[in-house]
Amino acid sequence: MTDQAEQASAAESATPEIPGKPTSASRTTLSHIMTHSDTNLLGTVHGGVIMKLVDDAAGAVAGRHSGGPAVTASMDEMAFLEPVRVGDLVHVKAQVNWTGRTSMEVGVRVLAERWNESAPATQVGSAYLVFAAVDADGKPRSVPPVVPETEKDKRRYQEAQIRRTHRLARRRAIMELREKRAAEGFED
């Protein structure tokens, strides 16, 4: 073992492991009534308004789970399933699905119901966001592992690992393509 490897190994063993947090510890719901100022040219709520609510709820969950500031690193997927209309009461439900050393995947479900009716809410969207926990200087910091509590939480954890594998493979394939094109003399 080299001196550097020994030092790294000693540093890792000297760092106390952060205790895990259950999924329910940071789960949250953000609710908002949609108004005319939220609409697009078609008269339905603008997708960007929904995306901001999604990012707000996910950011709150990431900050709660990590115990401090967390920044949006990526939005892995945002699916709009149904239009949202003026007068809809939108509920954005978010939870940590998976954690790495400094990052977290937050899963979000978007539900809508008429503000003045008693019909059940309908799922109108879903998203997966990756957040990085940061310190006061904006540098990555460690996060507690998430502890799935239910079978649904365990499934979400496994699915999040698949999404992470795909994100990393896609990033690697793109970098390899760019390197190959640069070696062939193409400038992008």
Task: When the convex hull of its Cα atoms is projected in every direction, mean area for the stretch 42-128 (nm²) - done: 6.0
- [ ] Quick one: check the C-alpha center-to-center distance for the stretch 109-151 versus the stretch 20-56, whole angstrom.
- [x] 10
TODO: Starting at the first residue of the stretch 149-156, write each ³J(HN,Hα) from the Karplus equation 6.51 cos²θ - 1.76 cosθ + 1.60 with θ = phi - 60°, in whole Hz, x for Gly and Pro.
DONE: 9, 10, 4, 5, 4, 5, 4, 4
TODO: For helix 3-14, report the angle its Cα long axis makes with the longest principal axis of the Cα atoms of the chain; keep it between 0 and 90° and round to the nearest 10°.
DONE: 50
Task: Cα long-axis angle, helix 47-66 against the chain (0 to 90 degrees, to the nearest 10) - done: 50
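Of the lysine pairs in the chain, how many meet both conditions: Cα atoms under 18 Å apart, and a spacing of 8 or more in sequence or different chains?
Working: Lys21/Lys152; Lys21/Lys154; Lys52/Lys93; Lys93/Lys152; Lys93/Lys154.
Taking the Cα cut-off of 18 Å, the pair count is 5.
Per the 1.4 Å probe, what fraction of the accessible area of the stretch 58-119, in percent, lies on carbon and sulfur atoms?
50
Please report, in debye to the nearest 20, how large the charge dipole of the stretch 33-168 is about its Cα centre when each Lys and Arg carries +1 at its beta carbon and each Asp and Glu carries -1 there. Don't skip to the answer; put the middle values down first.
Working: 16 positive and 16 negative charges, 82 e Å.
Using Cβ point charges on Lys, Arg, Asp and Glu, the stretch 33-168 gives about 400 debye.
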Open item on the list: How compact is the stretch 68-188 by the rule of thumb for globular proteins, expressed as Cα Rg over 2.2 N^0.38 Å?
Closed with: 1.38
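Leaving out ligands and nucleic acids, and using a 1.4 Å probe, what accessible area per residue does the chain come to in Å²? Walk me through the numbers on the way to the answer.
Working: 11520 Å² over 188 residues.
That works out to 61 Å² per residue.
Order of 105-114, 144-153 by packing, highest average Cβ count within 10 Å first?
Working: 105-114: 22.7, 144-153: 15.8.
Peptide ranking by packing, descending: 105-114, 144-153.
The values are calculated or read from the model by the stated rules, or taken from the named source; none is laboratory data. Predicted model, so just to flag it, every value in this text is computed and none were measured. Glycine also receives a Cβ, built like all others from the backbone with ideal geometry; neighbour counts cover every protein chain displayed. Remember, those area values only see protein heavy atoms, side chains included, never the ligands or the DNA or RNA. Shrake-Rupley method; radii C 1.70, N 1.55, O 1.52, S 1.80 Å.
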